[in-house]
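**Student:** Pasting in a structure now, in C-alpha cells, and then I'll have a few things to ask.
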Amino acid sequence: MLAYQHQDCDLTLAEGLEVYWNHLQDVGKKQLVDNENSTAIMDHDCTHVIFGLDSSVEQEIILDGWTKRGTSGYLKYMLDFVRLYLKNPEIREAIRENRKNLIKELGVSNLLRLAITTWPKSKEARKRAKKMKKKWGLRCPQELLNKKIYDLRNEYGIVILKPEEITHEKCSLSPS
C-alpha cells in the first residue's frame with residue numbers, strides 16, 4: 001500500500017506525486033513526461049494520488065470512474081490529451097508497449113474478466129464522486145501541490161476506496 005492510499009495521508013500533493021512516480025519505477029513502468037506548455041501527464045498523476053490509486057490496470061479502471069464523475073472538464077481534458085499526445089511518438093510507443101505487455105501477461109480473456117470484475121468498484125468510485133463537495137479540476141494548479149492530501153480530500157469531500165474495496169483475487173486471473 002502506498003503512503004497516499006490512506007484517507008488521512010499527511011503528505012503534500014507534491015510528496016504524494018513523488019511516491020506515485022517511485023511506484024512507477026518500482027513496478028517497471030516508464031514515467032511519462034509532459035510536453036512543453038502542457039501538464040496533462042502530471043495532472044493525470046495527481047488524480048492517482050488524490051483518489052488514492054496506483055498504476056495497476058484495475059486501479060486505472062477505477063480511476064476512470066472517479067474522473068468521469070468527480071472532476072470538472074473531463075471531455076475537454078480528454079480531447080486535449082488526444083490532440084497533444086497521440087502526436088507524441090514517446091506517448092504512442094508507451095501506450096503500444098503497455099497494451100502489448102498487458103495482453104502478453106494476462107491474455108485477452110483475463111483482461112475482459114478484469115474489466116468486468118472491476119466494474120462494481122468503478123461504480124462505487126462514481127457514487128462517491130457524486131457525493132463530493134466540489135469537483136476536482138483535471139488541471140491541477142501549482143498552488144495545490146503544497147497542500148496536504150488529507151486537507152484537499154476534506155476540502156473536496158473525497159472519500160477514497162479502502163484497500164479491501166479495491167483489490168481483486170489475483171489467483172483467479174491466470175494468463176491464458
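**Student:** In the range 4-101, which helices (runs of 4 or more DSSP H) lie fully inside it and hold 2 or more residues that are under 22 Å from ILE158 (Cα atoms) and open to solvent by 40 Å² or more (accessible area, probe 1.4 Å)?
**Tutor:** 13-26, 57-70, 74-85
**Student:** Output the number of residues of the range 129-151 satisfying the condition of being open to solvent by 100 Å² or more (accessible area, probe 1.4 Å) and under 13 Å from PHE51 (Cα atoms).
**Tutor:** Residues meeting the conditions: 1.
**Student:** Could you list, in sequence order, all residues of the range 22-31 that are out of contact with any Asp or Glu (no Cβ under 7 Å at 6 or more places or on another chain) and either in contact (Cβ under 8 Å) with a residue 60 or more places away in the chain or of a type outside the set (Val, Ile, Thr) (or both)?
**Tutor:** Hits for the range 22-31 are ASN22, LEU24, GLN25, ASP26, GLY28, LYS29, LYS30, GLN31.
**Student:** Continuing with the same structure: What's the number of the only condition in (1) part of a helix (DSSP H, G or I); (2) closer than 26 Å to LEU13 by Cα; (3) open to solvent by 40 Å² or more (accessible area, probe 1.4 Å) that ARG126 fails to meet?
**Tutor:** Tallying (1) part of a helix (DSSP H, G or I); (2) closer than 26 Å to LEU13 by Cα; (3) open to solvent by 40 Å² or more (accessible area, probe 1.4 Å), ARG126 fails exactly one: (3).
**Student:** Going residue by residue through the range 72-94, is there one that turns out to be under 17 Å from the mean Cα position of the chain (by Cα), at pLDDT 75 or above and basic (Lys, Arg)?
**Tutor:** no
So that you can scan it fast, the table gives a plain yes or no per residue for (1) modelled with pLDDT of 95 or more; (2) among the hydrophobic types (A, V, I, L, M, F, W, C):
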residue	(1), (2)
GLU105	no, no
SER109	no, no
ALA115	no, yes
THR118	no, no
ASN146	yes, no
GLU155	yes, no
GLU164	no, no
SER172	no, no
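The values are calculated or read from the model by the stated rules, or taken from the named source; none is laboratory data. The model shown is predicted, which means the values in this text are computed figures rather than measured ones. All Cβ positions, even for glycine, are placed from backbone atoms using ideal geometry, and neighbour counts span all protein chains on display. SASA here: full protein model, heavy atoms, side chains in, ligands and nucleic acids out. Shrake-Rupley method; radii C 1.70, N 1.55, O 1.52, S 1.80 Å.
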